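K.L.:
My questions will all concern the structure given below.
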């Protein structure tokens with residue numbers, strides 16, 4: 001228990017640092033803004049109480065907001081992602097269910113399952129985030145393109161990290 | 001209470017989610033000036049439509065009060081304009097420059113002898129050369145033309161009355177500016193004849209006839225009388241009967257007007273004759 005708390009705290013810090021120090025400074029174009037920190041919400045264990053999940057999501061987003069100077073934007077998106085996560089897990093659950101005391105991972109549940117899981121949550125998160133950022137529907141399809149392109153990059157990064165995690 | 005607790009236990013997820021999401025959105029809208037302005041604009045756009053309709057109806061219902069207010073305001077403004085105008089006008093009405101550029105000089109006199117029943121009438125006034133009276137000065141009475149000084153002694157002057165067959169005056173119809181020659185036909189002390197007004201001019205009974213100032217005797221715009229009758233006689237000109245302003249039968253106090261620039265004007269005109 002203590003062990004897992006330390007492990008998650010460590011990955012939390014690492015993900016935030018990766019996001020803030022590296023990815024936020026990559027400016028390829030206005031369309032590509034990968035937000036990999038959302039991975040922290042993805043890898044939390046299955047049996048985490050939903051209130052804790054929501055609080056942790058909020059904390060993650062709030063920290064990101066502090067770093068990016070946009071109060072409430074990331075918080076709203078991550079809280080939505082945290083809220084939607086149990087429902088998505090229910091929908092895409094495998095035939096024999098999830099093992100208790102484990103967390104969603106590529107090595108246990110396979111590439112296909114993990115890709116679907118990641119894609120759904122990242123899409124929800126990015127859609128909320130980008131539409132909150134522009135805060136209007138005037139450039140609806142332009143924003144949608146940004147969501148899709150950025151999601152592709154975010155998912156790629158998350159899969160890269162997940163492959164390395166499996167190697168450990 | 002039990003139901004409430006059940007409800008909370010059942011939906012605690014949703015409640016926490018809504019709470020946190022609401023917090024995030026409120027942070028978003030208050031913390032970022034851009035998002036804040038977007039929200040405020042959106043809300044005001046919605047509420048503004050309703051408020052506009054309500055205020056339109058309210059305006060219609062209050063038209064009576066609004067009209068009353070406007071009328072009161074109008075009155076107040078008009079009063080103010082009157083005050084301001086008087087203030088502006090006062091320098092022109094109360095200050096007269098007696099040294100520079102004054103053209104006419106007025107003085108008063110009393111008629112001591114008068115006649116109206118001859119063909120060539122004269123009257124005598126009680127001021128003469130010693131009082132500064134000279135030949136060819138104009139005489140008016142109560143704002144109307146009376147005559148011209150034709151001879152002066154030391155203390156008396158004789159004036160040719162308008163009621164004199166030799167009296168000629170340049171006069172015009174005020175409404176249209178056409179000028180002609182005014183003279184007396186020797187019949188009636190209340191009427192004179194204005195001739196040389198062309199027949200294409202529109203003349204109506206009651207038109208004002210006034211002096212032109214061309215003769216350098218009378219100032220411009222001194223009242224002569226009003227048109228009482230007119231006829232188209234033979235040629236090209238009207239024969240206009242003018243009812244005189246001055247009542248020569250009761251002539252008593254008169255104004256004598258001297259043109260200070262008369263010699264200058266006549267001297268200049270003489271060069272071209």
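Bear in mind these aren't lab numbers, they're just calculated from the coordinates by the rules spelled out. Just so we're clear, the structure is a prediction, and the values are computed from it rather than from any experiment. All Cβ positions, glycine included, derive from the backbone under ideal geometry; neighbour counts span all protein chains shown.
K.L.:
Most exposed first by the Cβ proxy, i.e. fewest other Cβ within 10 Å, how do B:21, B:52 rank?
P.N.:
Ascending number of Cβ neighbours within 10 Å: B:52, B:21.
K.L.:
Dimensions of the protein assembly as shown along principal axes (Cα, Å, largest first)?
P.N.:
Dimensions of the protein assembly as shown along the principal axes of its Cα atoms: 145, 57, 47 Å.
K.L.:
Nearest 0.05, what FRET efficiency do residue B:247 and residue B:200 give at R0 = 30 Å with Cβ-Cβ as r?
P.N.:
That pair, residue B:247 with residue B:200, gives E of 0.35.
K.L.:
With a 10 Å Cβ neighbour count serving as the proxy for reagent exposure, in which order, fewest first, do A:6, A:155, A:92 appear?
P.N.:
Least crowded to most crowded, the residues run A:6, A:92, A:155.
K.L.:
Here's something else I'd like to know. Could you work out [θ]222 nm for chain A from helices alone, using -39500 (n - 2.57) per DSSP H run of at least four and dividing by all its residues? Round to the nearest 500 deg cm²/dmol.
P.N.:
Helices in chain A give a 222 nm mean residue ellipticity of -22500 deg cm²/dmol.
K.L.:
On to the next question. Rounded to the nearest 0.05, what FRET efficiency do residue B:130 and residue B:191 have when you use their Cβ-Cβ distance and R0 = 51 Å?
P.N.:
0.90
K.L.:
Rounded to whole Å, give me the distance from the Cα center of segment A:1-51 to that of segment B:61-75.
P.N.:
The distance from the Cα centre of segment A:1-51 to that of segment B:61-75 comes to 69 Å.
K.L.:
Next question. Under 10 Å, Cα contacts only: if you run a Gaussian network model on chain B, which one of B:211, B:47, B:246 comes out with the highest mean-square fluctuation?
P.N.:
The residue that fluctuates most here is B:47.
K.L.:
Quickly work out the residue A:137-to-residue B:77 label distance, labels modelled 7 Å from Cα along the C-beta direction, and quote it in nm with one decimal.
P.N.:
Here the modelled spin labels are 4.7 nm apart.
K.L.:
Under the definition of partner shielding as Cβ atoms of other protein chains within 10 Å of a residue Cβ, what is the mean value for peptide A:127-134?
P.N.:
2
K.L.:
Here's something else I'd like to know. For chain B, set up a Gaussian network in which alpha carbons nearer than 10 Å are linked by springs, and say which option among B:113, B:121, B:59 fluctuates the most.
P.N.:
B:59
K.L.:
Moving on. Based on the Cα gyration tensor of segment A:2-167, what are the three equivalent ellipsoid semi-axes, each the root of five times an eigenvalue, rounded to whole Å and given largest first?
P.N.:
Whole-Å semi-axes of the equivalent ellipsoid: 25, 17, 16.
K.L.:
Now a separate question. Under the definition of partner shielding as Cβ atoms of other protein chains within 10 Å of a residue Cβ, what is the mean value for peptide B:8-17?
P.N.:
4
K.L.:
Evaluate E = 1/(1 + (r/R0)^6) for residue A:66 and residue B:220, where r is the Cβ-Cβ distance and R0 equals 60 Å; express this FRET efficiency to the nearest 0.05.
P.N.:
It comes to 0.10.
K.L.:
To continue, here is another question. What is the spin-label model distance, in nm, from residue A:51 to residue B:231 if the labels are put 7 Å beyond Cα along the C-beta direction?
P.N.:
Going by the 7 Å Cα→Cβ label model, 12.1 nm.
K.L.:
D for segment A:1-66, whole µm²/s, Stokes-Einstein with Kirkwood Rh over alpha-carbon pairs at 20 °C and 1.002 mPa s: what number?
P.N.:
167 µm²/s
K.L.:
Most exposed first by the Cβ proxy, i.e. fewest other Cβ within 10 Å, how do A:144, A:1, B:160 rank?
P.N.:
Listed from fewest to most nearby Cβ atoms, that is A:1, A:144, B:160.
K.L.:
Note down the Stokes-Einstein diffusion coefficient of chain B in µm²/s, whole number, using a Kirkwood radius over alpha carbon pairs, 37 °C, and 0.692 mPa s.
P.N.:
Calculated translational D: 127 µm²/s.
K.L.:
Taking 0.36 nm per residue of separation and subtracting the Cα-Cα distance, what length does fully extending residue A:152 through residue A:32 add?
P.N.:
This chain segment gains 42.3 nm when fully extended.
K.L.:
Shielding of A:62-68 by partners, i.e. mean partner chain Cβ atoms within 10 Å per residue?
P.N.:
Other-chain Cβ atoms within 10 Å of each residue's Cβ, averaged: 1.
K.L.:
Which whole-number percentage describes the relative contact order of chain A, with Cα contacts under 8 Å and a sequence gap of 6 or more?
P.N.:
Relative contact order comes out at 26 percent.
K.L.:
Expressed as a whole number of Å, what is the distance separating the alpha-carbon centroids of segment B:134-178 and segment A:105-125?
P.N.:
That distance is 119 Å.
K.L.:
Compare A:50, A:151, A:29 in a GNM of chain A, Cα atoms joined below 10 Å, and give the one with the largest fluctuation.
P.N.:
So, out of A:50, A:151, A:29, the one fluctuating most is A:29.
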